[in-house]
Amino acid sequence: MLLRVGSRGSRLALTQAEAAASRLRGPGVEIALVPITTAGDKDRSKPFGEIGSRGVFVKEIEEALLDGRIDVAVHSAKDMTSSDTEGLVVGAYLEREDPRDALCGASELRPGMRVGTASVRRRAQLLALEPSLSIEALRGNIDTRLRKRRERGLDAVVLAACGLDRLGLADEIGRRFSPDEMLPEAGQGALALQVRAGEEEAVAGVDDAETRRRVEAERAVVFTIGGGCLAPVAAHHDGSRLTALVAAEDGSWVERRSGDDPAQLAAELAALAGA
């Protein structure tokens, strides 16, 4: 049996796709990797909101899956929308790696620093930690953002720690923010293997049940609030409790709630945010 595995074409995405493929390979199972260019890859200059609403790194891959051009889609779970696309399901989550955000270029935040990020979630929490920071928009893949930091003379950039680890770039990290300092994006650190509904058996053998439990709770609270990568909303399950956050983009207010019920947390935070 040949499984066509689709992913974005960046170095990180292909590294992640190969990690998934290595788990799916077995007797009688061959893997073909299929790189796919997404809207988020085509336009690296505009803010995400000008490219599309959400899921700018997954839409074209999902279309290939629905059209039968690939059999499995490998996504960074944090890039997915908070609800499943009709006709598609997450058949497996690989065991989660480091979900934290990483500061590259410095070991701590200092007043007046210039910090690069395109994430409104990171922007809000960075400004809440240190209001005098100058947050500058910075897009591109990991290698590009690290290069742009040096070219533009930024003091630091904030990236997902797991991506740096997967590319062997952990030495670039000056500080890994604890979730108490900066709550991660829902699903950060996890890889999601998406398939057509009814074809879950193709990947079910590599599903990590604990990662699924945590990530689906995170996605549920974000979905209920109505946020995503365009809103300062975050959610993280540490294994014992689920914590969710909403914030003003300028960091002027941040509200966190912890508990076990995603719907209850979402309702509390939506009320506080006036959603």
Problem set entry | Residue that is surrounded by the most Cβ atoms within 10 Å (Cβ to Cβ) [pool: residues in region 139-175 that are under 21 Å from PRO111 (Cβ atoms) and of a type outside the set (Val, Ile, Thr)] | ALA156
Exercise. Quick one: which of LYS46, LYS78 is farther than 21 Å from ALA161 by Cβ, under 20 Å from the mean Cα position of the chain (by Cα), modelled with pLDDT under 95 and open to solvent by 50 Å² or more (accessible area, probe 1.4 Å)?
Worked result: LYS46
For this session: Could you pull out the residue among LEU127, LEU133, LEU169, LEU183 that is out of contact with any Leu (no Cβ under 7 Å at 6 or more places or on another chain) and hydrophobic (A, V, I, L, M, F, W, C)?
Result: LEU169
For this session: Write out, first by first residue and then by second, each pair whose Cβ atoms fall under 7 Å of each other, whose residues are 6+ apart or on separate chains, and whose first residue, in region 72-85, is within 20 Å of GLN16 (Cβ to Cβ) while the second is acidic (Asp, Glu).
Result: ALA73/GLU62; LYS78/GLU185; THR85/GLU62
Exercise. Does region 99-121 contain at least one residue that is of a type in the set (Asp, Glu) and closer than 30 Å to ASP67 by Cα?
Worked result: no
Problem set entry | Contacts under 6 angstrom Cβ, first residue in region 198-213 being farther than 11 Å from ARG96 by Cα, partner open to solvent by 70 Å² or more (accessible area, probe 1.4 Å), 6 or more apart | VAL206/ARG23
Exercise. So how many residues does region 186-229 have that are modelled with pLDDT under 95 and in contact with a Cys (Cβ under 8 Å, 6 or more places away or on another chain)?
Worked result: 0
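For (1) in contact with a helix residue (DSSP H, G or I) (Cβ under 6 Å, 6 or more places away or on another chain); (2) in a helix (DSSP H, G or I); (3) within 22 Å of ARG213 (Cα to Cα); (4) open to solvent by less than 20 Å² (accessible area, probe 1.4 Å), each residue gets a yes or a no:
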| site | (1), (2), (3), (4) |
| --- | --- |
| ALA234 | yes, no, yes, yes |
| THR243 | no, no, yes, yes |
| GLU249 | yes, no, no, no |
| SER252 | no, no, no, no |
| ALA263 | yes, yes, yes, no |
| ALA267 | no, yes, yes, no |
| LEU272 | no, yes, no, no |
Problem set entry | Unmet criterion (only one of (1) open to solvent by 10 Å² or more (accessible area, probe 1.4 Å); (2) outside any loop (DSSP other than H, G, I, E, B); (3) modelled with pLDDT under 95) for VAL34 | (3)
Exercise. Taking only pairs six or more apart or across chains, which ones have beta-carbon atoms under 9 Å, a first residue in region 161-172 that is free of Cβ contacts under 8 Å to residues at least 60 places away in the same chain, and a second residue that is in a helix (DSSP H, G or I) and buried (at least 18 other Cβ atoms within 10 Å of the Cβ)?
Worked result: LEU169/ILE142; LEU169/LEU146; LEU169/GLY163; ALA170/ALA161; ALA170/LEU164; ASP171/LEU164
Exercise. Which pairs have Cβ atoms under 9 Å, sit 6 or more apart or on different chains, and link a residue in region 249-275 that is closer than 21 Å to LEU127 by Cα to one that is open to solvent by 60 Å² or more (accessible area, probe 1.4 Å) and of a type in the set (Lys, Arg)?
Worked result: GLU249/ARG123; ASP250/ARG123; GLY251/ARG123; LEU269/ARG256; LEU269/ARG257; LEU272/ARG257
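Within region 108-121, can one find any residue that is of a type in the set (Ser, Thr, Tyr) and open to solvent by 30 Å² or more (accessible area, probe 1.4 Å)?
no
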Seminar exercise, completed: Note on region 129-138: residues open to solvent by 20 Å² or more (accessible area, probe 1.4 Å) and over 17 Å from ARG175 (Cα atoms) are PRO131, SER132, SER134, ILE135, GLU136, ALA137
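Quick one: count up the residues across region 1-30 that are part of a helix (DSSP H, G or I) and touching a Leu at 6+ places or on another chain (Cβ under 9 Å).
Total satisfying the criteria: 12.
The values are calculated or read from the model by the stated rules, or taken from the named source; none is laboratory data. Since the model is a prediction, treat every value here as computed from it, not as a measurement. Note: ideal-geometry Cβ built from the backbone for every residue, glycine included; neighbour counts use all protein chains shown. The accessibility values were calculated without ligands, DNA or RNA, using every heavy atom of the protein model including side chains. Shrake-Rupley method; radii C 1.70, N 1.55, O 1.52, S 1.80 Å.
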